[in-house]
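The values are calculated or read from the model by the stated rules, or taken from the named source; none is laboratory data. Just so you know, these numbers come straight off a predicted model, no measurement behind them. Reconstructed Cβ throughout: ideal geometry from the backbone, glycine too, with neighbour counts over all protein chains shown. Side chains included, ligands, DNA and RNA excluded: accessible areas come from the protein's heavy atoms. Shrake-Rupley method; radii C 1.70, N 1.55, O 1.52, S 1.80 Å.
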Amino acid sequence: MTTEDFLNGQVLLIDKPLHFTSFQAVNKLKYALINKAGLPKKFKIGHAGTLDPLASGLLLVCTGKFTKKIAELQGQPKEYTGTFYIGATTPSYDLETEIDKTFPTNHINESLIHETVKQFLGEIDQKPPIFSAIKKDGVRLYEHARAGETVEIASRKTTIHEFEITRIALPEVDFRVVCSKGTYIRSLAYDFGRAMNSGSHLTVLRRTKIGDYNVNDAIDVNDFEATLSPKKE
């Protein structure tokens, strides 16, 4: 692709690795496009939907005029795969924090797991995790959490279009979920455990689709620079 192509607009399908923030991934692409492909330093680039550092998978990055498409792309349904750990919770609902409580699991079997899935299909009320970037009173929730402050978080509507269990090897349960914008899979993990009179937290998360875009067509963020043609001197 030429410099002009990127300025006119591209949707780049990036496979974000673990431990990268979405911001870091976009910055890595921006650096490559400026320094290798010769784009101007102030060209437009942005991503259409954050992935946590502890999640991998599809990140849509828009360049140039296509940054106007970001809001539209963010509204597309998203597919995730991952793993719940049954019988324990963490304050962040994932591996960012240590296990704080453990729960009985002797009563949990495959039948109960599959029956519980049905409770989460369709429109549901969901509370975002306290360790999230949502702002309350002008401060991000994770800042309240790290300061040890108790905050009342309002629930909000979200939609689970598809939810299936793909492997059961207790305490681990693998899943695939298709959901609307604004769904927190960490919260789904927490609520799923609670619905079984136990606990649960998220240990693996990978975003596999956004709308019709598939991670199978994406390129690792670390390999992107090698696909660029050097700028002409």
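At 1.4 Å probe size, with every protein chain present, just tell me what the per residue accessible area of the chain comes to in Å². Intermediate values should be presented prior to the final figure.
Details: 12250 Å² over 233 residues.
Result: 53 Å² of accessible area for each residue.
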Next on the checklist: Number of Lys pairs in region 7-109 with C-alpha atoms less than 13 angstrom apart, excluding same-chain neighbours closer than eight positions?
Outcome noted: 9
Checklist entry - At a 1.4 Å probe, what is the % contribution of carbon and sulfur to the accessible area of the chain? => result 48
Checklist entry - Check residue 219: other-chain or 5+ apart residues with amide H under 5 Å from its amide H, H built from backbone geometry? => result 13, 14, 15
Checklist entry - If packing is taken as the mean number of other Cβ atoms within 10 Å per residue, what is the order of 48-55, 189-196, highest first? => result 189-196, 48-55
Next on the checklist: Let's test this: bin the Cα-Cα distances of region 56-119 at 10 Å from zero up to the farthest pair and state each bin's percent.
Outcome noted: 15, 29, 27, 19, 9, 1
Item to check | Amide proton proximity set for residue 88, modelled H, under 5 Å, gap of 5+ | outcome: 103, 199, 200, 201
Next on the checklist: Using DSSP to call loops (not H, G, I, E or B), can you name the trypsin sites (Lys or Arg not before Pro) in region 1-96 whose Cβ has at most 12 other Cβ atoms within 10 angstrom?
Outcome noted: 41, 42
Item to check | Electrostatic dipole magnitude of the chain [Cβ: Lys, Arg +1; Asp, Glu -1; Cα centre; debye, to 20] | outcome: 980
Checklist entry - Taking the chain as a Gaussian network, Cα atoms linked when under 10 Å apart, which of 104, 129, 77 shows the biggest mean-square fluctuation? => result 104
Checklist entry - Considering only the other residues whose Cβ falls under 10 Å of the Cβ of residue 85, what net charge follows from Lys and Arg at +1 and Asp and Glu at -1? => result -2
Checklist outcome for this item: Filtering trypsin sites (Lys or Arg not before Pro) in region 199-232 by DSSP loop and by at most 12 other Cβ atoms within 10 Å leaves 232
Item to check | GluC sites (Glu not before Pro) restricted to region 30-122 and DSSP loop, no more than 10 other C-beta within 10 Å | outcome: 98
